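Have a look at the structure below before the remarks.
Nothing in this text is a laboratory measurement; each read-out follows from the coordinates by a stated rule. Bear in mind the structure is a predicted one, so any value in this text is a computation, not a measurement. Because the Cβ atoms are built from the backbone with ideal geometry, glycine has one as well, and the counts that use them run over all protein chains shown.
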Amino acid sequence: MVLKSIKFTQVQKELAALRKSCPLGIQVSLPSDNLHEWEAVIPGPEDSLYKGGKFKIRLLLPENYPLAPPVVHFLTPIYHLNVSQVCGQVCLRFLSEDEWVAGGTIEQVLSALFSLLIRPEENNAFDHDVLNTYHHFRRQYNKMACNSAKKAK
């Protein structure tokens, strides 16, 4: 019971800190009273294909957070090689069980997602058709990524 209350307090502190001062123009919220489910809006970085877009994401914190990483989904459709075109789930090395550092924070997750919009992780593609387009038809990939940003306003 003590461990749960410590974790609960940590999550509350993270939420309060991010609501007060969230990096990179990102906004966070809780869609309900459940501290395990967060939402955020990430602006498309100026130096990216996603410039001008606003991308809503959902973060699901597991019971053993911060020892285990959250699961992240884009709720706003986005054309990106690290995001499932079907369900919006993110494939990011930082969020894998093997790479997650116990004690990682939501702020680190949000910063990593922002960076992912600037520079995709080719070795962690979620959708291999999108990866193929990225490698062999870059203009088409860029156009589709930009179009997803235009629709995400």
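Restricting attention to segment 1-134, lysine pairs at least eight places apart or on different chains and with alpha-carbon atoms under 26 angstrom apart total 9.
By the count of neighbouring beta-carbon atoms within 10 Å, fewest first, ASP127, ASP98, ASP47 end up ordered ASP98, ASP47, ASP127. Based solely on its DSSP helices, what 222 nm [θ] is calculated for the chain when runs of n ≥ 4 H residues each add -39,500 (n - 2.57) and the sum is averaged over all residues, nearest 500 deg cm²/dmol? -11500 deg cm²/dmol, from helical runs alone.
Angle of helix 138-151 to the longest C-alpha principal axis of the chain, folded into 0 to 90 degrees and rounded to 10: 50°.
Would you work out the relative contact order for segment 91-146, in percent, from Cα pairs under 8 angstrom that are 6 or more residues apart? After rounding, I find 31 percent.
Could you work out the relative contact order of the chain? I mean the mean sequence separation of Cα pairs under 8 Å and 6+ apart, divided by the number of residues, in percent.
Reported relative contact order: 23 percent.
Here ILE118, ILE78, ILE26, ILE106 are placed in order of increasing Cβ neighbour count within 10 Å, fewest first, which gives ILE118, ILE26, ILE106, ILE78.
Please rank TRP38, TRP100, fewest neighbouring Cβ atoms within 10 Å first, as an exposure proxy. Display every interim value, and only then the final one.
Details: TRP38 24, TRP100 19.
Starting with the residue having the fewest Cβ neighbours, the order is TRP100, TRP38.
Principal-axis analysis of the Cα atoms of the chain puts helix 2-20 at an angle of about 50° to the longest axis.
Of the chain, which part is the longest with no GluC sites (Glu not before Pro) in a loop (DSSP not H, G, I, E, B) and with at most 15 other C-beta atoms within 10 angstrom? Intermediate results must be reported in sequence, preceding the final value.
Values: sites that count: GLU46, GLU63, GLU97, GLU99.
My reading of the result: 100-153 is the longest stretch.
Take the Cα of LYS143, step 7 Å toward its Cβ, do the same at LEU35, and the gap between the two points is 4.9 nm. Relative contact order of segment 20-61: 34 percent, from C-alpha pairs under 8 Å at least 6 residues apart in sequence.
Kindly state, to the nearest 0.05, the FRET efficiency for THR9 paired with LYS54, given R0 = 41 Å and r defined as their beta-carbon distance. Show your work: numbers first, answer last.
Values: r = 31 Å, r/R0 = 0.75.
Approximately 0.85, to the nearest 0.05.
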